[in-house]
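Peer 1: Take this structure, written in structure tokens, and hold onto it; I'll ask about it next.
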Amino acid sequence: MQIDIRQAVNAAYTKTLDTAGLRNEFVVEQIFVADQMTMTYSHVDRIVFGGIMPVAAEISMPDLGKTYGTAYFLERRELGVINIGGAGVIVVDGVSYDIGSEEALYVGKGSKELLFKSADAANPAKFYYNSAPAHAAYPSKKITREMASPQVMGDARTSNKRTINKYIVPGVVDSCQLVMGLTKLDEGSTWNTMPCHTHERRMEVYFYFNMPADGLVFHMCGEPTETRHVVMRNEQAVISPSWSIHSGVGTQAYTFIWGMCGENQTFPDMDHVAMTTLK
């Protein structure tokens with residue numbers, strides 16, 4: 001398996017990048033490949049993310065050798081997985097978890113053997129995952145949509161009515177630093193996370209999906225007074241450093257998974273940006 005390594009870049013350097021440069025630094029254009037595991041390693045808080053799509057065969061966590069400097073992937077890491085495809089199964093050290101569409105699994109530090117499979121090859125599971133360094137071992141746990149405590153936010157009048165499902169957050173799952181959830185926009189709403197914010201104490205990755213082939217999202221990034229954008233299509237991910245805003249507007253409603261890691265897990269700990277500040 002080839003690992004895509006992305007170095008951290010600062011705000012000053014980002015100002016000099018053209019469209020291709022922005023995409024090379026922040027955008028991952030292909031997350032899912034049939035019968036493969038994709039993996040991007042970002043030096044921004046050392047988050048790892050990608051997709052696992054078992055179709056004709058089961059997929060096991062490969063031997064990553066020297067890449068992580070550990071005996072196995074989760075020796076010093078934790079993992080969060082959200083399934084956006086058909087029904088699937090994740091086996092963690094011999095324990096099987098049935099993970100349906102829009103269900104999640106937290107896998108704690110120290111878990112050695114991971115196996116991913118689909119219940120039906122004609123409708124394969126699509127496991128999107130995030131992993132962060134971990135200092136303690138917490139139990140693995142399945143999270144259903146009901147457990148995610150859906151929270152409705154926004155308003156149709158401002159085109160941002162949406163439901164935020166918090167899968168891996170304090171109070172639902174114990175984790176070291178990883179936080180994950182899924183946000184679904186209502187039909188007719190197109191904006192996410194606007195008014196926008198930054199959070200100096202943690203970074204974030206967005207993964208956009210549930211979009212038609214001709215649909216797209218203009219994902220806003222950059223410093224609040226030096227905004228840029230990248231065009232995101234279905235099942236693509238974008239890295240957001242702590243200094244950058246992360247918001248988007250689509251050609252129609254869509255869904256996205258957000259994953260964060262850093263120094264804290266307090267979901268509302270954000271540095272809000274006034275609309276009058278944006279440039």
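A short reminder: the numbers here are calculations on the coordinates, not readings from a lab. Note that the structure is predicted; figures quoted are calculated from it, not measured. Neighbour counts run over all protein chains shown; Cβ positions are idealised from the backbone, glycine included.
Peer 1: Of the residues that sit in segment 202-216 and are in contact (Cβ under 8 Å) with a residue 40 or more places away in the chain and not aliphatic (A, V, I, L, M), which one is farthest from residue 133 (Cα to Cα)? Working first, answer last.
Peer 2: Looking only at segment 202-216, we keep the residues that are in contact (Cβ under 8 Å) with a residue 40 or more places away in the chain, and these are 202-212.
Keeping just the survivors that are not aliphatic (A, V, I, L, M) gives 202, 204, 206-210, 212.
Working: 202: 13, 204: 14, 206: 19, 207: 20, 208: 24, 209: 26, 210: 29, 212: 34 Å.
Only one residue fits best here, namely 212.
Peer 1: Mind telling me which of the residues 61, 39 ends up being under 20 Å from residue 207 (Cβ atoms), over 16 Å from the mean Cα position of the chain (by Cα) and surrounded by 15 or more Cβ atoms within 10 Å (Cβ to Cβ)?
Peer 2: Being under 20 Å from residue 207 (Cβ atoms), over 16 Å from the mean Cα position of the chain (by Cα) and surrounded by 15 or more Cβ atoms within 10 Å (Cβ to Cβ) holds for just one of 61, 39, which is 61.
Peer 1: I'm trying to understand the selection: among the residues of segment 215-239, which are farther than 17 Å from residue 24 by Cα and surrounded by 24 or more Cβ atoms within 10 Å (Cβ to Cβ)?
Peer 2: The one that is farther than 17 Å from residue 24 by Cα and surrounded by 24 or more Cβ atoms within 10 Å (Cβ to Cβ): 217.
Peer 1: Still on this model: For residue 167, only one of the following conditions fails: (1) within 19 Å of residue 253 (Cα to Cα); (2) aromatic (Phe, Trp, Tyr); (3) within 16 Å of the chain's Cα centre (by Cα). What is its number?
Peer 2: Of the numbered conditions (1) within 19 Å of residue 253 (Cα to Cα); (2) aromatic (Phe, Trp, Tyr); (3) within 16 Å of the chain's Cα centre (by Cα), the odd one out for residue 167 is (1).
Peer 1: Considering only segment 145-195, how many residues are among the basic types (Lys, Arg) and within 21 Å of residue 106 (Cα to Cα)?
Peer 2: 3
Peer 1: Going by the structure shown, is residue 35 of a type in the set (Asp, Glu), on the phi > 0 side of the Ramachandran plot and touching a residue at least 60 places away in the same chain (Cβ under 8 Å)?
Peer 2: No: the conditions fail for residue 35.
Peer 1: Restricting attention to segment 78-124, and to residues there that are of a type in the set (Val, Ile, Thr) and farther than 12 Å from residue 52 by Cα, which single residue is surrounded by the fewest Cβ atoms within 10 Å (Cβ to Cβ)?
Peer 2: In this case the residue turns out to be 95.
Peer 1: Additional query: With the requirement that a residue be among the β-branched types (Val, Ile, Thr), over 30 Å from residue 120 (Cα atoms) and part of a loop (DSSP other than H, G, I, E, B), what does segment 20-48 give you?
Peer 2: Just the residues of segment 20-48 that are among the β-branched types (Val, Ile, Thr), to begin with: 27-28, 31, 33, 38, 40, 44, 47-48.
Remaining after also requiring over 30 Å from residue 120 (Cα atoms): 27, 44, 47.
Listed by number, the residues that qualify are 44, 47.
Peer 1: Considering each residue of segment 141-154, count those that are of a type outside the set (A, V, I, L, M, F, W, C) and either buried (at least 21 other Cβ atoms within 10 Å of the Cβ) or not in a loop (DSSP other than H, G, I, E, B) (or both), and give that number.
Peer 2: 3
Peer 1: For residue 242, all conditions in the list (1) surrounded by fewer than 21 Cβ atoms within 10 Å (Cβ to Cβ); (2) assigned to a loop (DSSP other than H, G, I, E, B); (3) among the hydroxyl-bearing types (Ser, Thr, Tyr); (4) touching a Cys at 6+ places or on another chain (Cβ under 9 Å) hold save one; what is the number of the exception?
Peer 2: (4)
Peer 1: In segment 202-239, what residues are among the acidic types (Asp, Glu), under 21 Å from residue 182 (Cβ atoms) and assigned to a strand (DSSP E or B)?
Peer 2: Hit for segment 202-239 is 204, nothing else.
Peer 1: Working only within segment 160-201, note down all residues that are touching a residue at least 60 places away in the same chain (Cβ under 8 Å), among the small types (Gly, Ala, Ser) and assigned to a loop (DSSP other than H, G, I, E, B).
Peer 2: Scanning segment 160-201 gives 175, 188, 189.
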